[in-house]
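The values are calculated or read from the model by the stated rules, or taken from the named source; none is laboratory data. Every value quoted in this text rests on a predicted model; they were computed, and no experiment measured them. Just so you know, the surface numbers come from the protein's heavy atoms only, side chains and all, with ligands and any DNA or RNA stripped out. Shrake-Rupley method; radii C 1.70, N 1.55, O 1.52, S 1.80 Å.
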Amino acid sequence: VLYIYHIVRKPTHVLDFALTLLLNHLILTTYYSSSLPSSLFFWLVVFGGSAITIVFAEQLCVRREMKEGLGADYTQLQDVQRNQDAEEGRVIPQGSSRGTP
């Protein structure tokens, strides 16, 4: 869970990464044993572990996103808006608000 938490930045990508790890594990296990695992216990452990990994890693990633916020610097957004206004010919003085004509 912690590996996925540190590697994956978005909660929407946790499912993809966890299922990719499951597929890699299945391929390596099949290669090592020279046959597809047929034990019910194996499949229960694999799917149970994958479900737990997905749920907990997504929760940790969502918490991290909520703690970090949007990550936008509003002063940079205001500078971008001023540059767009200047390009369009609308120059607004620094101290005035945007709502006045």
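Over the stretch 4-57, what lengths in whole Å, largest first, do the semi-axes of the equivalent ellipsoid take, defined as the square roots of 5 times the eigenvalues of the alpha-carbon gyration tensor?
Working: eigenvalues 114, 32, 8 Å².
With the √(5λ) rule applied to the stretch 4-57, the semi-axes are 24, 13, 6 Å.
Going by accessible area, probe 1.4 Å, with all protein chains left in place, what is the ranking of Phe47, Phe17, largest first? It would help to have the intermediate numbers written out before the result.
Working: Phe47 115, Phe17 65 Å².
Most to least solvent-accessible, the answer reads Phe47, Phe17.
Whenever you get a sec, compute what percent of the accessible area on the stretch 21-70 sits on carbon and sulfur atoms (1.4 Å probe). Kindly include the intermediate steps, with their values, before the conclusion.
Numbers: 2840 of 3970 Å².
Carbon plus sulfur share of accessible area: 72 percent.
Could you give me the ³J(HN,Hα) list for the stretch 44-59, computed from phi with Karplus coefficients 6.51, -1.76, 1.60 and θ = phi - 60°, whole Hz, x at Gly and Pro?
Here the 3J(HN,Hα) series is 5, 5, 5, 6, x, x, 5, 4, 5, 4, 5, 5, 6, 5, 5, 4 Hz.
To the nearest 10 Å², what's Ile54's accessible area with a 1.4 Å probe?
Counting only protein heavy atoms, Ile54 exposes about 30 Å² to solvent.
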